[in-house]
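Q: Would you mind keeping the following structure in view while I ask a few things?
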């Protein structure tokens, strides 16, 4: 077990790659009462076309299958796994994103026992024709529920505007029609391809004995057998840099319209260096342009173009990158024009050293405050691990960014062909 001490942030991480390929990260924090664990696979909704392990031909599975599989793993032949955690005082959950599926729990007791439950239920799939058919009705209701949520429809509507072919434009849960095509054989194909230990990472953080925890995890994994792993060939269609649609309108029963502007930043596989650069630089620049303490925000607010719903975010993954700026507004067309103008002037702005240091300090301060959350640390640590990066080195990376580097990035970050807007309004 390798031990890494991060002096600047006073954190220690125990790392080990087990014989079956599973990456284990233990972050002991004896000063807390709660513990948290996340068991994550590098597999999400965009991974719809791939070559299964042990086969030669590419398959394309129904949309929404990663999310469907997440649901089904909790259900065993003789029980529901939630009860196993609840009996030991743990609160379990799971989520599926565009690129990841994660299983997790938090607890104040029996940490080792709950980690063992986590490993065992994820690594013991059980799917039947009957249970798969039953689940379709449950997920159909979930999909229909999101159909009426303005924020989610604005989010997905903007992504659909941006991407022509990349499966990120497909809803994570799929569609009512696509989930009808899912079979138990499809679930097993996806499971055995993407849920191999070598494609997964376990992170446990909190109050526990790291030596005893690692011993238990190793013993647990040695009792199980897995096929030889080969890197999964994930295939994505070629995607142009320009957006698919410049403008779209979604009609929903809303009292105030919502505008979301999207920046399509990358539609190709990113190296780890570019992944990190985009992840940090785009976040810094969005804050520079749209911070609530900034002049532009004050102008929009005083003119009544935005309200407290105004927000912005950047989303960087290995095969795509985009940023979103959104707000409820009574003047959607005017807000869209102002946001476009602000973004398109970015390559004419000369940021000062003082301004750069201010947004860097704010970024680091927010990051350090977020590290009070065990959930945040564990999920971010694994997220960056899958990009071959170290989350705990992020603050040092930000501190070293120079003005010349940020100016160079500003010159090529946004072009008009990469901008789109989605408006949700009442019919």
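Q: Being crowded, with 20+ Cβ neighbours inside 10 Å and in contact (Cβ under 8 Å) with a residue 60 or more places away in the chain is true for just one of 254, 232, 261. Which residue is that?
A: 261
Quick grid of which residues meet (1) at pLDDT 95 or above; (2) under 13 Å from residue 217 (Cα atoms):
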{"site": "4", "(1), (2)": "no, no"}
{"site": "10", "(1), (2)": "no, no"}
{"site": "22", "(1), (2)": "yes, yes"}
{"site": "25", "(1), (2)": "yes, yes"}
{"site": "31", "(1), (2)": "no, no"}
{"site": "35", "(1), (2)": "yes, no"}
{"site": "40", "(1), (2)": "yes, no"}
{"site": "45", "(1), (2)": "yes, no"}
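Q: Can you say whether residue 159 is under 28 Å from residue 61 (Cβ atoms) and in a loop (DSSP other than H, G, I, E, B), as far as the supplied structure shows?
A: no
Q: Assuming residue 221 fulfils every condition listed in (1) under 30 Å from residue 335 (Cα atoms); (2) in contact with a helix residue (DSSP H, G or I) (Cβ under 8 Å, 6 or more places away or on another chain) apart from one, which condition is it?
A: (1)
Q: Now a separate question. Among what's in the range 107-150 and is touching a helix residue (DSSP H, G or I) at 6+ places or on another chain (Cβ under 7 Å) and not in a helix (DSSP H, G or I), pick the residue that is farthest from residue 72 (Cα to Cα).
A: 107
Q: If I ask for residues that are touching a helix residue (DSSP H, G or I) at 6+ places or on another chain (Cβ under 7 Å) and within 15 Å of residue 101 (Cα to Cα), which ones from the range 67-90 would you list?
A: Matches in the range 67-90: 68, 69, 71, 72, 73, 74.
Q: Any residue at all in the range 252-260 that is in the same structural domain as residue 418 (by TED's automatic domain parsing) and closer than 30 Å to residue 371 by Cβ?
A: Yes - at least one qualifying residue is present in the range 252-260.
Q: With respect to residue 316, is the statement that it is touching a residue at least 24 places away in the same chain (Cβ under 8 Å), assigned to a helix (DSSP H, G or I) and touching a helix residue (DSSP H, G or I) at 6+ places or on another chain (Cβ under 7 Å) true?
A: No: the conditions fail for residue 316.
Q: Continuing with this model, one more query. Filter the range 347-405 for residues that are without any contact (Cβ under 8 Å) to a residue 12 or more places away in the chain and either farther than 22 Å from residue 286 by Cα or in contact with a strand residue (DSSP E or B) (Cβ under 6 Å, 6 or more places away or on another chain) (or both) and give the result.
A: 372, 373, 390
The values are calculated or read from the model by the stated rules, or taken from the named source; none is laboratory data. Because the structure is a prediction, the values reported are computed rather than measured. Cβ: placed from backbone, ideal geometry, glycine included. Neighbour counts: every protein chain shown.
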